Every structure is written in C-alpha cells, then in structure tokens.
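See below for the structure under consideration.
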Amino acid sequence: MGGQRRSKAVERKRFASAVDMAQALPHLFKPISSSPALIGEEQDSLAQCEAAVETLKGAFWAAGKALQIIRDARLYRETHKTFDAYCYERWGMERAYADKLIRTWPIAEALLKKQAGGEVTPIGVKKLNQAQVWELVPAADSWDADAAAFVYDTVVEVNGADVTAAILKGAVGALPKNGEFEEETVADRIRDYFAKLKQKTQSSVSQRERTADEDPIAARAAKAVQVQWLRRLAAKDQESAAAYINHIQRQLDELKKELLTSS
C-alpha cells in the first residue's frame, strides 16, 4: 500500500514541458535491488517513467527515454516477467516499437541540446517527429547521436526548414557507411545529394513542359498522377504506395471498359 501511495504522489507532479519531464527522469539504467519486489526508490522511478510514457503522442523521445530506464533497471519485474510482456500488457505496445522509441530518444535530445546551445530546452520540440528522427538512426548507429544531429542541422541549412522523413532518408543514404565522422565530408555529401536532387527535379519539370508542348493529352495525364507525392509515399511505405497504384489502375480499367469498349 505504501508503494501505491508513493506512486500516486509522483504521478500528480506537473512539469512545465515535456523537456522538463525528460530531464527529471532518474538516471537509472540498471537495477538497484535484486529483490523481485521494487523498493521504494524504484517504485518512485517507475511511476515517474510511466508518467513520461503517457506523453508518447506529444513527446515520443521522453517516452523512449523512460522506456529505456524501465527496461534497463528492470522496473517492470514486480508485475511482469519480461519487458516484452510489460510493454504489451501495460501500454498495448509491441517490443519492436518500444525498442524503436529507445533508439530515437538520444538523437532527439542531442538535437534539442544543439539547437539550444548546449542546454536541453523546449526549443525545437514541435519541429521533431518520430518519422524524421527514425531516419537519422543509421547515422547514430554509424557514429553517435551528436553526428545524427549534425546531419539534421546540415539538411536544414542546405534545404531549408521543410525537412521530411523522406528527405532525411535520402541525405543519410548519401553518407559514407563507415570510417570516422568528419563534419566537412558529411556536409559535402549532403550538399552534393541535394544538388543532384535539384538537377533531377529540374530535368523532370523540363520534360513535363516539353511533353505539354508536344502532346497536351499526355501532359494532362502526367498531372493526374501526383508523382512526387507517390515517391515520398513509397519511400515511407512501399505497401501503401503499391495499393494506391493498384487502386488507380483498377479505376482506369473500369473507365476504359465503360467508355471505350463497344457494346
């Protein structure tokens, strides 16, 4: 009963922002007791972490940090045999998704520190989303979270503030796959990637303009399919892109049968 009262008191604590909540999380990445039951300090830590996980939709990275603490300190052990079972039964979350959140939070925190000049503050929180940060994970895996933050900032510098997950994926894919992290080399690769992307886009526009001059019907057909949107969708989810194309094809087949087939 004492543990329950202690947990409720922690849950009622209010923070000015998700950043404050994340900063206040205990630095607890290993168990502090070997007993099956949680001791008082661990009960407090679990309640604090679970309050952070509840902010998942608004601050995914705070939730990820909290989940890592729960996993590494085995704060789930009093009620669940495994972290997998805890995630699913407590949060309706698959272990794979929890691991994904855990892998992304150091990158998000590094970005916030970089934007705030070394201190973690609410600056930039609303600009980050899970899809964007996930595309930076390969850079963090190859080097570290600070390197991933450098990649993000360089993309913003080169391409402007409109940074999508697909854009980050392309930029990260253009980086060297191994070796030491060198900012100048990475920045050059990113600039080269966007220069080629711009050239490809301009070429595509020119082709459409030539098509419009030579064949108005072909030009109208080209406008009917949102090619750039479809490419972005395919970069995120190939299955959804294929379903969309198949749906369009079925509509075209039905129209062709209805309008162009002689009775």
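The values are calculated or read from the model by the stated rules, or taken from the named source; none is laboratory data. Note that the structure is a prediction, hence the values are computed from the model and not measured. Note: ideal-geometry Cβ built from the backbone for every residue, glycine included; neighbour counts use all protein chains shown.
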Failed item in (1) modelled with pLDDT under 90; (2) more than 29 Å from ALA234 (Cα to Cα); (3) out of contact with any helix residue (DSSP H, G or I) (no Cβ under 8 Å at 6 or more places or on another chain), with ALA85 passing the rest: (1)
Hits in segment 51-99 (condition: in contact with a Phe, Trp or Tyr (Cβ under 7 Å, 6 or more places away or on another chain), touching a residue at least 40 places away in the same chain (Cβ under 8 Å) and surrounded by fewer than 21 Cβ atoms within 10 Å (Cβ to Cβ)): ASP72
First in segment 16-36 and of a type in the set (Lys, Arg), second anywhere and assigned to a loop (DSSP other than H, G, I, E, B), Cβ under 7 Å, 6 or more apart: LYS30/ALA73
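Run down ALA212, ALA219, ALA166 and say which single residue is at pLDDT 85 or above, in a helix (DSSP H, G or I) and not charged (D, E, K, R). It would help to see each step written out before you state the result.
On the way: ALA212 fails: at pLDDT 85 or above; ALA219 fails: at pLDDT 85 or above.
Exactly one residue qualifies, and that residue is ALA166.
Mind listing whichever residues of segment 158-180 are over 17 Å from the mean Cα position of the chain (by Cα) and of a type outside the set (S, T, N, Q)?
Going through segment 158-180, the residues over 17 Å from the mean Cα position of the chain (by Cα) turn out to be 158-160, 174-180.
Within segment 158-180, VAL158, GLY160, ALA174, LEU175, PRO176, LYS177, GLY179, GLU180 qualify.
If I ask for residues that are surrounded by 11 or more Cβ atoms within 10 Å (Cβ to Cβ), farther than 14 Å from ALA59 by Cβ and at pLDDT below 80, which ones from segment 10-32 would you list?
First, the residues of segment 10-32 that are surrounded by 11 or more Cβ atoms within 10 Å (Cβ to Cβ): 10-11, 13, 15, 17-26, 28, 31-32.
Filter again for farther than 14 Å from ALA59 by Cβ, leaving 10-11, 13, 26, 28, 31-32.
Within segment 10-32, VAL10, GLU11, LYS13 qualify.
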Some residue of segment 148-157 being surrounded by 12 or more Cβ atoms within 10 Å (Cβ to Cβ), over 14 Å from the mean Cα position of the chain (by Cα), closer than 22 Å to VAL227 by Cα and not β-branched (Val, Ile, Thr): no
